[in-house]
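A short write-up of the structure that comes next.
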Amino acid sequence: MTSEQHTPLTLGNLDARVGRRQALKIGGLTVSLAALVAACGDDRTGDTAPGRVGNAPKVESLPDYPVNDVVLLRTASSLENTAVLVYETAQELGVLEGDMATLVERLIEEHTATSAEMGELTEAAGGIAWTSTNPWIMERSIRPMFATILVSDDPARDVVNLAITFENMAAATHQTLTSLLSETDQRLAVANASAQEARNSATIVLEAYGTARRVSPALLGEEVVNADGLIARFAIETTFGSVAQQDLNLGAADVNGTRTSFVVATPAANSLIYEELTES
């Protein structure tokens, strides 16, 4: 008897031989081959441009705004102003007490002063100082983060971890700017700001978690243990200043022990404060 698997495939035995998925595969292959033959015909004429499907509007190119010293310094100011807002929001929540609350007051003063310095450098470079927060980072990071913190099982812990992460991101941004800015006084200013904000992050870690968090075990060739769905932070986490993106887990854990995760990265093309951008 001839095996069913070796019986020639015909329209008559198609239903018995194959399921719905295989039938679709065969039908799709037939249509594809027919289209290929038609497309490769010698008498093919007409527009050679890629075809369009549907009535979608024509895609327009994004504006190509120049990135210069003014743009970079305005962006630096926007981060400092965003840091101030983060700490002022933490104060309004009333979740930080004692020495940590005192530390936050000092950090607000420092970030305000750094923003003013970046503003002066912006004007010296021929631009208009930026005095607001960074709209892109606010909309896509800070607001969602605080929305999560408001319903967290431990808002104070989350505010502290947000502050540590933001200080690290600000330090990384200023570190990156040292190689992008063109004037010596500009580069010196952002280098000092980077060092200051790296110290800020370390100070917050030690104040919140104690000296046990002085150095990351990773620097000693050991494993970093992230317990309870939280990312352990340390005063010194890398040998050299890192400019890589950072992960941040906030809020209450779900039934699987997973918390809401965010990614914090230094500003890119979509979050720079271009000269064409005005404050509302």
All positions within segment 200-218 that are surrounded by fewer than 16 Cβ atoms within 10 Å (Cβ to Cβ) and either over 28 Å from THR112 (Cα atoms) or at pLDDT below 95 (or both): GLY210, THR211, ALA212, ARG214, VAL215, PRO217, ALA218
Every listed condition ((1) within 22 Å of the chain's Cα centre (by Cα); (2) at positive phi) holds for GLY126 save (1)
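Could you please let me know if ILE142 is surrounded by 19 or more Cβ atoms within 10 Å (Cβ to Cβ) and of a type in the set (Val, Ile, Thr)?
Yes.
Does LEU79 satisfy the criteria of being surrounded by 23 or more Cβ atoms within 10 Å (Cβ to Cβ), in contact with a Pro (Cβ under 8 Å, 6 or more places away or on another chain), in a helix (DSSP H, G or I) and not hydroxyl-bearing (Ser, Thr, Tyr)?
Numbers: surrounded by 23 or more Cβ atoms within 10 Å (Cβ to Cβ): yes; in contact with a Pro (Cβ under 8 Å, 6 or more places away or on another chain): yes; in a helix (DSSP H, G or I): yes; not hydroxyl-bearing (Ser, Thr, Tyr): yes.
For LEU79, the condition - surrounded by 23 or more Cβ atoms within 10 Å (Cβ to Cβ), in contact with a Pro (Cβ under 8 Å, 6 or more places away or on another chain), in a helix (DSSP H, G or I) and not hydroxyl-bearing (Ser, Thr, Tyr) - is met.
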Pairs needed: first member in segment 55-71, hydroxyl-bearing (Ser, Thr, Tyr) and part of a loop (DSSP other than H, G, I, E, B); second member anywhere, surrounded by 10 or more Cβ atoms within 10 Å (Cβ to Cβ) and modelled with pLDDT of 80 or more; C-beta distance under 7 Å; at least 6 residues apart or different chains. TYR65/TYR274
Filter segment 214-250 down to residues that are out of contact with any Asp or Glu (no Cβ under 8 Å at 6 or more places or on another chain) and either among the polar types (S, T, N, Q) or not assigned by TED's automatic domain parsing to the domain that holds ALA195 (or both), then give me how many there are. 7
Just checking, does segment 219-236 include any residue being surrounded by 15 or more Cβ atoms within 10 Å (Cβ to Cβ), of a type in the set (D, E, K, R) and in a helix (DSSP H, G or I)? no
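The values are calculated or read from the model by the stated rules, or taken from the named source; none is laboratory data. This structure is a prediction, so every number in the text was calculated from the model and none was measured. Neighbour counts are summed over all protein chains in view; Cβ atoms, including those assigned to glycine, are modelled from backbone coordinates with ideal geometry.
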